Structure formats: C-alpha cells, structure tokens
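Any read-out appearing in this document is the output of simple, stated calculations on the displayed coordinates, not a laboratory observation. Just so it is clear, the structure is predicted and the values come from calculations on it, not from any experiment. So basically every Cβ, Gly included, is an ideal-geometry build from the backbone, and we count neighbours across all protein chains shown.
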C-alpha cells in the first residue's frame, strides 16, 4: 500500500484527535470515577451480590413465571439492582460514563457530517430520547418517533 502525504496527514490528525480525547475532562473524570469504583469495597460487594443474583435470575428466566421461585428472585434482583444503582460510587461512574459517551457521539457525528449530512450516526439511546413527545417509548405509544 502506498502511503501518500494525504494519508500520513490524516493519520497525524487521527493521533491528535485521539490524544485530545484522552486528555479531555470527560475522559479524566471517567478514569477517576472508574478507579474510585474499583477501590470502593462496599460498591464491589454490592456488585458481586448483584452478579450472584443475576445468575439466579437467568436460571429462573429459562422457565419464566412457571419456576417456583420466579416472583421472589425477580423481586430480589430488582432490589439488588436498585441498591447498586443508588450507591454513590456507581452513580458517579455512570454519570461519567454517559458524559464520555456523549463526547464520543458528538465527535462521531461531526466526522460523519463533515463527509455528508445524509450519514446517519447512531447515538446512545437516541431512539428513545428523540421521539418528539418525551414519552421515551420510541414511538411505541403511537407518537411520532423521529
């Protein structure tokens, strides 16, 4: 493959963009919150508990509501998940994760639209947030989904 100066320039710009992302506030915040989450003993215990309950839930789901422990395991699964989601370290990590995802989505959109406005760029959850009425169903309620 022949390397033209145009290709080399494009690769240099790609490296520069990658370094800008790595040095961004969103990435630094994400890495810091990930570190805090991994070091938080209470959060890690809750995550382990969730993983165990998730395995039980998946076993019960094979049989559905006909499984004798379906209701109990389903309820316990929701409770453990809520407990994990409400933990401060987990919540902060998820916020940082969403902020980083938004940055990456914005960059992807700018790159795609610099080529053509006709390029459809998937965004994290866009189908459910851009339906027009705010119902969050993605048009399932009969509203006009964009």
- Task: Kindly state, to the nearest 0.05, the FRET efficiency for residue 91 paired with residue 58, given R0 = 22 Å and r defined as their beta-carbon distance.
- Result: 0.35
- Query: At a Förster distance of 41 Å, what's the computed FRET efficiency of residue 5 paired with residue 25, Cβ-Cβ distance as r, to 0.05?
  - Reply: 0.75
- Query: How much length, in nm to one decimal, is gained on full extension between residue 113 and residue 13, taken as 0.36 nm per residue of separation minus their Cα-Cα distance?
  - Reply: 34.3 nm
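Computed FRET efficiency, Cβ-Cβ of residue 72 and residue 36, R0 35 Å: what is it to the nearest 0.05?
Working: r = 33 Å, r/R0 = 0.95.
Plugging the Cβ-Cβ distance into 1/(1 + (r/R0)^6) gives 0.55.
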- Message: Show me the ranking of peptides 62-74, 100-112 by mean Cβ neighbours inside 10 Å, starting with the highest.
- Response: 100-112, 62-74
